[in-house]
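Some notes on the structure that comes next.
Each value in this text was obtained by applying a stated rule to the coordinates, not by laboratory testing. Everything quoted here is computed from the prediction, not taken from an experiment. As a convention, Cβ positions derive from the backbone with ideal geometry for all residues, glycine included, and neighbour counts pool all protein chains shown.
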Amino acid sequence: MESIVEALSIFAKERPDRIAVIADDEQITYSDLWKEVRGFAAFLRKQGFPKGSRITVKAGHSIWFAVACFGIHLSGNVHVPMEKTIGIEGIRNIAEQLDASLIISDIGVGEDGYFVPNSGDESAGGNTDNAGKRYLCINSSKVRDIARENYQDGLDFEFPTFDMTCDIMFTTGTTGKSKGVMESHRAVVAVSENVQYGADIPKDNIYLVPAPINHASALRKLYVSILTGTTVVLLDGFTDIKKFFAYIEKYHVTSILMPPAAVHMILMLAAKDLAKYSKQLHHIHTGSAAFPETDKEKLCEILPDTRLFFAYGSSEAGCVSMYDYSANRGLISCVGKPNKNADIFIVDENHNRIRSSRTEQGLIAISGGMVMQGYYNEPELTAGVLKDGVVYTNDIGYIDEDGYVYMLGRQGDVINLGGLKIAPTEVENVVLRFAGISECACFASEDRMGRVFPKLNVVMKKGCELDTAALKTHMAKHLEAFKIPKQIVIVEELPKTSNGKLDRKNLK
């Protein structure tokens, strides 16, 4: 099996009545999903696109998204998911950057079936005098109708092969320019297997995915669910907490993808509600950002029968390790051991392998079937990150004598005081254990003389006041003197990216 869509075809025969996807209180079986995927692939074939054409999809937490995604794969084309909140200009920019053959969107669809880049009005016609290429565009709400209309029993397709490009995922740009990460079908299958075996996905698993479906972590939960013949429940975020818990109850959810920011919010607002599902939940999967030790401990406390997995990886390399915190508590900054298809090692700044330890740290490097093909149309950027099948990260870390990998932070985030280095997450984990502090961020700042020093911004819990002297005394018990922030500032909130990560670039 060389693609996720091939797994879909297998389970359509083996488990035809098993529910594959649930969204908007609607559900579809493996058999019916496979029919609609074949129908949509047939439609794409009729358009005459050459194989490998890029098809952009404005994401949605709906069944049509799964039909479009796998239909694109089955037709031999490349799926390019875009933010649900993306506007007309953003769609046009991505379409131009990729020379897209088709746009699937709920905005900008002209009456003649072409994209209207100069108007945000959904009802605008397509016969405008726009410079440059005109893009064929279909309304996302029509995907399933198109699929049903074009389905033909007995119509044959060749499944994608390992080395064909499967998806182009745009990074969030938290560390610079947003880039199009090209993933092969080999990489998508390998990453899905990493999650499958890393979390020991049960055969009857029901995965709740309340994160942006165009983001790598969420999309991969759709993939791993299809790879394992289980069920995925798509939900549009955590803004409606009542709906979040209603879905857990109604669909007997057994696994949940929860980014660290969402875990923190649930622990603050609805910890008792989540605790009710300790025996029902097989595991909670989190990752993609720093995860405070205090939140890990609290989650394990309220969910003693649920496993907590912290995943480490990136858009460029996928999920490469998983740390079962429930079984191995107390390993601060640990991200587990390499997953099934991954090899992780430590290198110096010249990319030479080194023998690392807690006192001898380096940069994390990753190889395996799940690494990217490269950044789309960016050979120089690709060469700076990917060489001979190895992704070289900017993450500082080490591997201990038992084979556990530790990630201490990004190279650009580490505070350098004349050779003395401070990992912000180490300071933050200590600070979060101080009563009354809800969130915090440690970062490098400069005084008027240009001298670098560690600064700390803190967000207080409602009704709490900060005793700065007591906080410094607390930090002194757990940190070396040079790691204690010289300036502590109370702020109302910390800057966040669109997917809830701490935006360290905008800390002041």
- Could you pull the Cα extents of the range 1-161 along its three principal axes, largest to smallest, in whole Å? 51, 35, 24
- Message: Given contacts defined as C-alpha pairs under 8 Å and at least six residues apart, what's the relative contact order of the range 415-506, whole-number percent?
- Response: 26 percent
- Below 17 Å Cα-Cα, how many Lys pairs turn up in the range 1-161? Only count pairs eight or more apart in sequence, or on different chains, if you could. 7
- Note to self: C-alpha centroids of the range 454-508 and the range 319-370 sit apart, in Å, by 27 Å
- Counting only DSSP beta bridges with both residues in the range 1-161, tell me the antiparallel percent, nearest 5. 35 percent
- Task: List the relative contact order of the range 1-161 as a percent without decimals, with contacts defined as Cα pairs under 8 Å and 6+ residues apart.
- Result: 25 percent
- Per-peptide average of other Cβ atoms within 10 Å, ordering 198-205, 368-375 highest first: 368-375, 198-205
- Message: I'd like the antiparallel share, as a percent to the nearest 5, of DSSP beta bridges with both residues in the chain.
- Response: 60 percent
- Roughly speaking, what is the centre-to-centre gap between the range 207-230 and the range 4-61 when only Cα atoms are used, to the nearest Å? 14 Å
- Using Cα positions and a limit of under 16 Å, work out the aspartates and glutamates in reach of Lys203, with same-chain residues fewer than 8 apart set aside. Glu14, Asp17, Glu193
- Take every Cα-Cα pair in the range 247-291 and report what % of them are more than 14 Å apart. 52 percent
- Entries of Lys221/Lys508; Lys421/Lys508; Lys179/Lys486; Lys461/Lys508 with Cα pairs more than 26 Å apart: Lys221/Lys508; Lys179/Lys486
- Cα-projected label distance for Lys505 with Thr85, points at 7 Å along beta-carbon direction, nm: 1.6 nm
- Query: If the chain between Glu480 and Arg433 were fully stretched, how many nm would it gain, using 0.36 nm times the residue separation less the Cα-Cα distance?
  - Reply: 15.3 nm
- Message: Skipping prolines and chain starts, which residues have an amide H placed within reach, meaning under 5 Å, of the one on Met82, given they are 5 or more residues away or on another chain?
- Response: Val57, Lys58, Ala59
- Query: Cα-based Rg (one decimal) and Dmax (whole number) for the range 384-424, in Å?
  - Reply: 12.6, 35
- Item | Overall dimensions of the range 415-506 as given by Cα atoms, namely Rg and Dmax in Å | 13.1, 40
- Message: Relative contact order for the range 324-458: what percent, with Cα pairs under 8 Å and sequence separation of 6 or more?
- Response: 18 percent
- Of the listed peptides 31-37, 153-159, what is their order by residue-averaged count of other C-beta atoms within 10 Å, with the highest listed first? 31-37, 153-159
- Item | At q = 0.05, 0.08 Å⁻¹, base-10 log of I(q)/I(0) for the chain (Debye sum, equal scatterers on each alpha carbon) | -0.20, -0.52
